[in-house]
1. Given the structure, is residue 110 within 26 Å of residue 177 (Cα to Cα), surrounded by 14 or more Cβ atoms within 10 Å (Cβ to Cβ), outside the structural domain of residue 372 (by TED's automatic domain parsing) and of a type outside the set (Asp, Glu)?
2. Pairs only if they're at least six apart or on different chains, beta carbon under 8 angstrom, first in region 4-31 and over 18 Å from residue 391 (Cβ atoms), second part of a loop (DSSP other than H, G, I, E, B) and of a type in the set (Gly, Ala, Ser); list them, first residue then second.
3. Yes or no: residue 169 crowded, with 24+ Cβ neighbours inside 10 Å, of a type outside the set (Phe, Trp, Tyr) and either in contact (Cβ under 8 Å) with a residue 12 or more places away in the chain or in contact with a helix residue (DSSP H, G or I) (Cβ under 7 Å, 6 or more places away or on another chain) (or both)?
4. Of the conditions (1) out of contact with any Gly (no Cβ under 8 Å at 6 or more places or on another chain); (2) modelled with pLDDT of 95 or more; (3) within 19 Å of residue 96 (Cα to Cα); (4) of a type in the set (Phe, Trp, Tyr), residue 249 fails just one. Which one is it?
5. Are any residues in region 80-90 more than 16 Å from residue 217 (Cβ to Cβ) and either surrounded by 23 or more Cβ atoms within 10 Å (Cβ to Cβ) or not assigned by TED's automatic domain parsing to the domain that holds residue 223 (or both), and if so, which ones?
6. What pairs come up if the first residue lies in region 241-267 and is under 18 Å from residue 109 (Cα atoms) and aromatic (Phe, Trp, Tyr), the second is assigned to a loop (DSSP other than H, G, I, E, B) and at pLDDT 80 or above, and their beta carbons are under 8 Å apart, counting only those six or more places apart or on different chains?
7. For region 113-145, name all the residues that are assigned to a helix (DSSP H, G or I) and buried (at least 20 other Cβ atoms within 10 Å of the Cβ).
8. Checking the condition of a type in the set (Gly, Ala, Ser) and in a loop (DSSP other than H, G, I, E, B), which residue from 176, 158 passes?
Amino acid sequence: MLSLTQIREDFPILSRTNKSGEKLVYLDNAATTQKPNQVIDTISNFYKNHNSNIHRGIHFLGVEATELYENTRKKVRDFIGANHTEEIIFVRGTTEGINLVASSFGSSSITVGDRILITGMEHHSNLIPWQQLARQKKAHLDIISVSSNGEINIEEVSSKITNDTKLVAISHISNSLGTINPVEEVIQIAHRRGIPVLVDGAQAVGHQPVNVNSLDCDFYAFSGHKMFGPTGIGVLYVKEEYLSQMSPYQFGGEMIRSVTYEDASFADLPHRFEAGTPDIAGVVGLGAAIDYLHSIGLDKIKAYTEDLSLYMAKKLSTIEDLQIIGKPQFRGSIVSFNFDQIHPHDVATILDEKGIAIRAGHHCTMPLMQSMNIPGTSRASVAFYNDKNEIDILYEALKAVKNIFN
């Protein structure tokens, strides 16, 4: 069991109240997670005591900053079960990680007539890069359909892979529906045809154990701010065999070995993909977030949040005229819902007055919402610092919303 009282004390923002004096009930964790003191203090300590640029500084501050930065790379390697530190690239977040793959791997591997396969529930960040790449290369973008329950059919994955398919891209957990996708099976199917797979792990890492070696994925991207770390920092894992084939997609300082006016040679992996001064404090803060998650235990976190989201889905489904959007067999920490005749934005606005923070809109999955013939949803998402009492508060508030519009 989690020590919820102690955990909540680690997150100072959870003691906030809104302008009406209502205590914060934060249920917008799919958008971003809150940060524990351990992460906040680590970032502050870096700027107070270790701030320096990295890799080229000879002075002691530069050495210390470089060690902190590269030690986090090792932490990330172990955290996601990668084989080598060279396979860990620091980026600004999931979005940049996916764009890096599209720009570097995609530009050299996708040609006229090739096909890229994604699901119909992808976040725009795992749709638009492939859409634009397909347009540039005169390739084709194929879509795996999503059922009314919010799930993909694994047989359709097999049927839509052709000899021309050069990449499969899929979210580990849907940010709109909470669906935990069968990524292991998708990867196995693709690999039997020699096709690499990219996994968008934004909603998975930090909420459940993730092992890229066990998954056998070829690319895996995630963001620090969705795993209780800082904003503006993320990770792209690239399997070594593909990393060595990829060329840099940004150029400048830090990523070069030598330069003349006529040519340049690039730094060793993974530094050739980290042009310019990185978010050093963000990387150090990410390392602190990993340490914090280890102190609680990812298995405990997964069990707790899945139980809490199941409780939320069951409880909210008892409210008259409220429909849960997506009813997957395996659900992460996200529940989306709609009222008949009440716009999601109105729901979120009224809940905000009561101190309850949720998200309303299309959640960067506009094509999915269009396929379901809805403008968007209200979305509540939990973390390990939430509890059933907060779900009960949400439940009572939603009943009050319904009464307002009756």
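The values are calculated or read from the model by the stated rules, or taken from the named source; none is laboratory data. Note that this is a predicted model, so its numbers are computed, not measured. A quick note on method: Cβ atoms are made from the backbone with ideal geometry, for glycine too, and the neighbour counts reach across all protein chains shown.
1. Working: within 26 Å of residue 177 (Cα to Cα): no; surrounded by 14 or more Cβ atoms within 10 Å (Cβ to Cβ): yes; outside the structural domain of residue 372 (by TED's automatic domain parsing): yes; of a type outside the set (Asp, Glu): yes.
No, not satisfied.
2. Pairs found: 17/355; 18/355; 20/355.
3. Values: crowded, with 24+ Cβ neighbours inside 10 Å: yes; of a type outside the set (Phe, Trp, Tyr): yes; either in contact (Cβ under 8 Å) with a residue 12 or more places away in the chain or in contact with a helix residue (DSSP H, G or I) (Cβ under 7 Å, 6 or more places away or on another chain) (or both): yes.
When the stated conditions are applied, residue 169 passes them.
4. The single condition residue 249 does not satisfy is (2).
5. Filtering region 80-90 for residues more than 16 Å from residue 217 (Cβ to Cβ) gives 85-86, 90.
If the condition is that a residue be more than 16 Å from residue 217 (Cβ to Cβ) and either surrounded by 23 or more Cβ atoms within 10 Å (Cβ to Cβ) or not assigned by TED's automatic domain parsing to the domain that holds residue 223 (or both), then 90 is the only one that fits.
6. From residues that are under 18 Å from residue 109 (Cα atoms) and aromatic (Phe, Trp, Tyr), the pairs are 242/196; 242/218.
7. If we filter region 113-145 for residues that are assigned to a helix (DSSP H, G or I), which is where we start, we get 124-126, 128-137.
Once the filter is applied, which keeps residues that are assigned to a helix (DSSP H, G or I) and buried (at least 20 other Cβ atoms within 10 Å of the Cβ), region 113-145 yields 125, 126, 129, 130, 133.
8. Details: 158 fails: in a loop (DSSP other than H, G, I, E, B).
That would be 176, the only listed residue that is of a type in the set (Gly, Ala, Ser) and in a loop (DSSP other than H, G, I, E, B).
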